[in-house]
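Engineer: Sharing a structure, written as structure tokens. Questions coming.
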Amino acid sequence: MDNKISIMDKISIAELRKKVDNFLDKDDMLLRHGLAIAFANTLAMLINYFYQLITGRLLGPASYSIFGSLVAITYIFSVFGGVINTSIAKFCSDYKDDYGKIKTIFLRYSLKLLLISLFSFAIFYLLAPLISRTLGIESHMLIIMIGILIPISFLFSLFSGIMRGLQMFYKYSILTILHPILKFAIGIPLLILGFGVFGALFGFVSSSILICILSFLFLTFLLTSESKKVESREIIKYSFPVLIISLCIIAMINLDIIIVKAIFSETEAGFYIASSTLMKAIFWIAGSIIFVMFPKISSNKEKAKDILKSTLLYIISFSIIVLIFVALFSDFAAIFTFGKEFSGASPLLLPFGIAILIVSLNQVIANYSLAIGENVTFSSLSFIIFSIIQFLLIYLLHSSLLMVIYDIIIANLMLFILLSFKMKIFK
């Protein structure tokens, strides 16, 4: 009898293991790759946080404000970089079995983006005195150093887009973690030696250059393939809705902060911004899974709906865990993260988490539409309309900070319902 039970136990364990393996293999390792990207992004954010913290302490408030304002300029590049990354990832995932076409994209767009970015850098160089006066920065050299990141940002977006399309997620994770480590290793010693803002920026720029070179080296295997013809017009055409949706999503999670800062007191705005910053963890983790989902759907459209549903399930499951924690320990979360003076942010955390979750789900559906190449125009127009609706709701209905968050929830929930019905997600 014991022997039979032992055999049955072994069979049960074997079946359970098989089910777990099948689940993990489902959707071409969506969960494992998503967790790898999420881990890399989280670790990179922690290292960047300490870099900013140490930089602020070594520079002091005045110099740190110069460094911070210059780094803020790079966010403009990142918008266009994101468009390049997504557009290239889409076509490389479509051509994943044809390295000849991917080689053509690799070489042709390396040259094109280099020329475009050098032209952009020339304009940036000419505008350096104006930017310097506007920001109150005496040294033009610091402005020019940031301008160097234009070609680096564009080229890295291309290389990382190819890696994303080819689902080279583990190598991409290595780059994600290595970038802030290099920045820390180069910038902090220069700060300690007294190089000030120049030292901090040099670490910022030089680490980006090194990562760009390394990403190029990861792709040199493509050079052994024979080049094949690729329709560049299709890639350029595809980039426009990507740009529109990207800008709308950025507006939907950032424009509210500007309005709140203008309307409410500094203390209330501080509470709002603190809760927004804390709950955007949901958005960034969701973005890691979406980053993986996109090329997997594009290269395997037969399973697109299954991959989409799995992505929604993972994001909702993670968000529910965060929301339960926040509901139970909102005071602790606010005070532990920002300090006792931010305890007023605790009532905002749970509703803000719900708002960010719905925005994240809309981002999933938008990327699904872009990946399968269907209802792209509808998605773009919908995001434009509802980003305007969100702005109007906040502008007209802002009796309290909670009301502002409810405005975001209402606008994004309507958008989610509309997109879900149009894409027939739950059928």
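Engineer: Within the group ASP9, ASP2, ASP28, which residue is within 30 Å of ILE162 (Cα to Cα), modelled with pLDDT under 85, more than 16 Å from the chain's Cα centre (by Cα) and of a type in the set (Asp, Glu)? Quick ask: steps written out before the conclusion?
Structural biologist: Working: ASP9 fails: within 30 Å of ILE162 (Cα to Cα); ASP2 fails: within 30 Å of ILE162 (Cα to Cα).
None of the others qualify; the one that does is ASP28.
Engineer: Quick check on this structure: which one of ILE211, ILE235 is within 20 Å of ASP94 (Cβ to Cβ) and either touching a helix residue (DSSP H, G or I) at 6+ places or on another chain (Cβ under 8 Å) or of a type in the set (S, T, N, Q) (or both)? Steps first, please.
Structural biologist: Numbers: ILE211 fails: within 20 Å of ASP94 (Cβ to Cβ).
Selected residue: ILE235, the only one of ILE211, ILE235 that is within 20 Å of ASP94 (Cβ to Cβ) and either touching a helix residue (DSSP H, G or I) at 6+ places or on another chain (Cβ under 8 Å) or of a type in the set (S, T, N, Q) (or both).
Engineer: While we're here: May I ask you to list the residues in the stretch 333-354 that are within 15 Å of ALA281 (Cβ to Cβ) and free of Cβ contacts under 8 Å to residues at least 12 places away in the same chain? Working first, answer last.
Structural biologist: Step one: of the stretch 333-354, the residues within 15 Å of ALA281 (Cβ to Cβ) are 333-334, 336-338, 345, 348-350, 352-354.
Across the stretch 333-354, the qualifying residue is only PHE336.
Engineer: Continuing with the same structure: Would you check which residues across the stretch 54-93 are in contact with a Ser or Thr (Cβ under 6 Å, 6 or more places away or on another chain) and at pLDDT 80 or above and list them?
Structural biologist: GLY81, GLY82, VAL83, ILE84, ASN85, SER87, LYS90, SER93
Engineer: Please enumerate the residues belonging to the stretch 84-104 that are among the charged types (D, E, K, R), farther than 17 Å from ALA304 by Cα and assigned to a helix (DSSP H, G or I). Break it down stepwise before answering.
Structural biologist: Within the stretch 84-104, the subset among the charged types (D, E, K, R) is 90, 94, 96-98, 101, 103.
After this cut, where a residue has to be farther than 17 Å from ALA304 by Cα as well, the list is 97-98, 101, 103.
Residues satisfying the conditions are LYS101, LYS103.
Engineer: In the stretch 212-253, what residues are exposed (fewer than 15 other Cβ atoms within 10 Å of the Cβ) and either touching a His at 6+ places or on another chain (Cβ under 6 Å) or part of a loop (DSSP other than H, G, I, E, B) (or both)?
Structural biologist: Just the residues of the stretch 212-253 that are exposed (fewer than 15 other Cβ atoms within 10 Å of the Cβ), to begin with: 213, 217, 220-221, 223-224, 226, 228-229, 231-234, 236-237, 240.
Correct list: GLU226, LYS228, LYS229, GLU231.
Engineer: Listed residues ALA371, ALA334; which is modelled with pLDDT under 90, within 30 Å of ILE235 (Cα to Cα), in a helix (DSSP H, G or I) and in the same structural domain as SER299 (by TED's automatic domain parsing)? Step through it out loud before you land on a result.
Structural biologist: On the way: ALA334 fails: within 30 Å of ILE235 (Cα to Cα).
Answer to the check: ALA371.
Engineer: I would also like to ask the following. Does VAL260 qualify as being more than 22 Å from THR176 (Cβ to Cβ) and either in contact (Cβ under 8 Å) with a residue 40 or more places away in the chain or part of a helix (DSSP H, G or I) (or both)?
Structural biologist: Working: more than 22 Å from THR176 (Cβ to Cβ): yes; either in contact (Cβ under 8 Å) with a residue 40 or more places away in the chain or part of a helix (DSSP H, G or I) (or both): yes.
Criteria met by VAL260.
Engineer: Kindly check whether there is at least one residue in the stretch 307-319 that is surrounded by 23 or more Cβ atoms within 10 Å (Cβ to Cβ) and under 23 Å from VAL404 (Cα atoms).
Structural biologist: yes
Okay, residues lined up against (1) touching a strand residue (DSSP E or B) at 6+ places or on another chain (Cβ under 7 Å); (2) without any contact (Cβ under 8 Å) to a residue 60 or more places away in the chain; (3) crowded, with 18+ Cβ neighbours inside 10 Å; (4) more than 24 Å from LEU31 (Cβ to Cβ):
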{"site": "PHE154", "(1), (2), (3), (4)": "no, no, yes, yes"}
{"site": "GLY161", "(1), (2), (3), (4)": "no, no, yes, no"}
{"site": "ARG164", "(1), (2), (3), (4)": "no, no, yes, no"}
{"site": "GLN167", "(1), (2), (3), (4)": "no, no, yes, no"}
{"site": "TYR170", "(1), (2), (3), (4)": "no, no, no, no"}
{"site": "SER173", "(1), (2), (3), (4)": "no, no, yes, no"}
{"site": "PRO180", "(1), (2), (3), (4)": "no, no, yes, yes"}
{"site": "PHE184", "(1), (2), (3), (4)": "no, no, yes, yes"}
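Engineer: Separate question: Looking only at the stretch 112-121, which residues are in contact with a helix residue (DSSP H, G or I) (Cβ under 9 Å, 6 or more places away or on another chain) and not polar (S, T, N, Q)?
Structural biologist: Pass one, the stretch 112-121, residues in contact with a helix residue (DSSP H, G or I) (Cβ under 9 Å, 6 or more places away or on another chain): 112-114, 116-118, 120-121.
Passing the criteria: LYS112, LEU113, LEU114, ILE116, LEU118, PHE121.
Engineer: From the list LEU107, LEU111, LEU53, exactly one residue is surrounded by fewer than 20 Cβ atoms within 10 Å (Cβ to Cβ), over 19 Å from the mean Cα position of the chain (by Cα), of a type outside the set (D, E, K, R) and closer than 26 Å to MET141 by Cα. Which is it? Lay out the reasoning, then the answer.
Structural biologist: Numbers: LEU107 fails: closer than 26 Å to MET141 by Cα; LEU111 fails: closer than 26 Å to MET141 by Cα.
None of the others qualify; the one that does is LEU53.
The values are calculated or read from the model by the stated rules, or taken from the named source; none is laboratory data. Just so it is clear, the structure is predicted and the values come from calculations on it, not from any experiment. Neighbour counts are summed over all protein chains in view; Cβ atoms, including those assigned to glycine, are modelled from backbone coordinates with ideal geometry.
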